[in-house]
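Here the structure comes first, spelled out in structure tokens, and everything after it is commentary.
The values are calculated or read from the model by the stated rules, or taken from the named source; none is laboratory data. The structure displayed is predicted, hence computed values, not measured ones. Note: ideal-geometry Cβ built from the backbone for every residue, glycine included; neighbour counts use all protein chains shown.
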Amino acid sequence: MSQVINAERDESSSGLASRWQQYRAANPNTRTRDAAAGLGVSEAELVATACGGGATRLNGDWRGLVGELHRLGPVMALSRNEHAVHEKIGTFGKLSHSGAHGILLGDIDLRLFFSHWAHGFAVHEASPRGARDCLQFFDQYGDAIHKIYLTGDSDRNAFDTLVDDYQGEDQSRVQPVLSQLPDLPERPDEDIDAVALLAHWRALQDTHDFSDLLRRFGVGRRQAFRLVGFDLARSVGRHVPRRVLEHVAAESIDIMLFVANPGIVQIHTGPVKNLKPVGPWFNVLDETFNLHLRESGIDSAWVVNKPTRDGVIGSIEAFDTKGGLVCQIFGRRKPGQAEDPAWRAVLDSIVGAAS
């Protein structure tokens with residue numbers, strides 16, 4: 001786990017707002033996330049400089065607010081990490097939750113980890129596409145977890161009511177955040193009980209138990225892949241995610257595509273059709289689903305097999321240089337169903353090529 005220290009910045013809101021204004025004048029098409037990196041601050045800090053103007057700080061009742069999102073009608077939901085952006089147009093379903101964990105099923109399929117949600121804003125923002133209204137949520141470090149953009153079909157009155165109901169008392173233009181220290185290194189491989197790890201992996205009954213398995217053995221995800229046999233995890237080329245998307249698009253194979261950060265997992269289930277590389281990004285540009293994948297950020301990809309009571313379930317998992325999970329791709333299935341043979345054929349072809 002990462003170590004963190006409290007690092008409130010001394011810079012005034014007017015000083016940061018002035019620097020941002022100058023930065024935007026020099027970079028008129030810049031996005032807030034990129035401007036934050038250029039200015040050496042977090043995205044949440046930049047958004048907060050507009051409080052009292054184009055932004056409204058929300059009160060932190062994340063479960064209550066998320067439970068009301070279905071009232072907005074069709075929206076665009078965006079979740080991302082450093083190298084993958086997942087955008088889905090649809091309507092939110094009803095929230096179910098247990099403690100700090102939440103689930104939203106339906107057009108917009110999310111797994112939410114509210115313990116990481118620290119700051120939220122309603123924002124009227126300028127962008128290269130024109131002015132947009134949205135909700136933006138950030139973690140304790142000021143990094144974006146999730147954003148929700150209104151569309152032409154959204155209920156704007158419901159949005160205004162939601163913002164009024166969840167407006168925070170604090171509308172200051174300074175947003176304190178924590179500074180994150182580098183992640184601690186993985187434990188040495190020789191300290192991991194690889195024999196027991198392998199045995200417990202082979203005894204899995206559900207793919208959702210895999211994270212618990214990693215925690216039990218204190219092992220990193222890629223580290224676990226290295227320590228088990230090729231039949232369970234095999235390293236393949238870093239360009240495999242693109243090849244897989246091209247293959248399933250050509251063969252009309254439905255998939256489940258996951259993009260996650262510590263606060264959320266966003267899932268697309270269905271086909272991908274319109275694929276288009278643009279610069280460093282490989283894109284899916286479908287009517288209700290967009291994926292933007294920065295291929296230069298992918299350091300490795302793996303074919304991973306997990307035994308379950310429904311049979312072996314296989315996936316593609318892509319990682320960055322720090323071991324962060326960029327995206328996962330599964331064949332489309334529901335609990336209680338076996339894996340799609342067409343998807344298994346895709347994985348077998350990838351493994352065969354790697355061999």
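Scanning the range 211-239 for residues that are among the hydrophobic types (A, V, I, L, M, F, W, C), more than 14 Å from GLY324 (Cα to Cα) and in contact with a strand residue (DSSP E or B) (Cβ under 6 Å, 6 or more places away or on another chain) returns LEU232, ALA233, VAL236. Within the range 105-156, the set of residues being over 25 Å from GLN180 (Cβ atoms) and aromatic (Phe, Trp, Tyr) comprises TYR149 only.
Can you give me the ranges of the strands (runs of 3 or more DSSP E) entirely in the range 22-119 with at least 1 residues that are farther than 18 Å from ALA260 by Cα? Spell out the reasoning first.
Numbers: elements: 55-57, 75-80, 84-90, 95-98, 101-104, 109-113.
Because the criterion is at least 1 residues that are farther than 18 Å from ALA260 by Cα, the strands (runs of 3 or more DSSP E) in the range 22-119 that meet it are 55-57, 75-80, 84-90, 95-98.
Just so you know, in the range 331-355 the residues that are crowded, with 19+ Cβ neighbours inside 10 Å and closer than 14 Å to HIS247 by Cβ include one that is nearest to the chain's Cα centre (by Cα), and it is GLY331.
Here ARG238 fits the description: in the same structural domain as PRO307 (by TED's automatic domain parsing), charged (D, E, K, R) and buried (at least 16 other Cβ atoms within 10 Å of the Cβ).
Would you pick out the residues in the range 318-330 that are crowded, with 16+ Cβ neighbours inside 10 Å and either over 24 Å from ASP299 (Cα atoms) or of a type in the set (Gly, Ala, Ser) (or both)? Walk me through it before giving the result.
Narrowing the range 318-330 to residues crowded, with 16+ Cβ neighbours inside 10 Å: 318-320, 324-330.
ALA318, GLY324, listed by residue number.
Would a scan of the range 293-309 turn up a residue that is touching a Cys at 6+ places or on another chain (Cβ under 8 Å) and touching a residue at least 60 places away in the same chain (Cβ under 8 Å)? Taking every residue of the range 293-309 in turn, at least one turns out to be touching a Cys at 6+ places or on another chain (Cβ under 8 Å) and touching a residue at least 60 places away in the same chain (Cβ under 8 Å). The residue that is farthest from the chain's Cα centre (by Cα), among those in the range 202-226 that are at negative phi and not in a helix (DSSP H, G or I), is ALA203.
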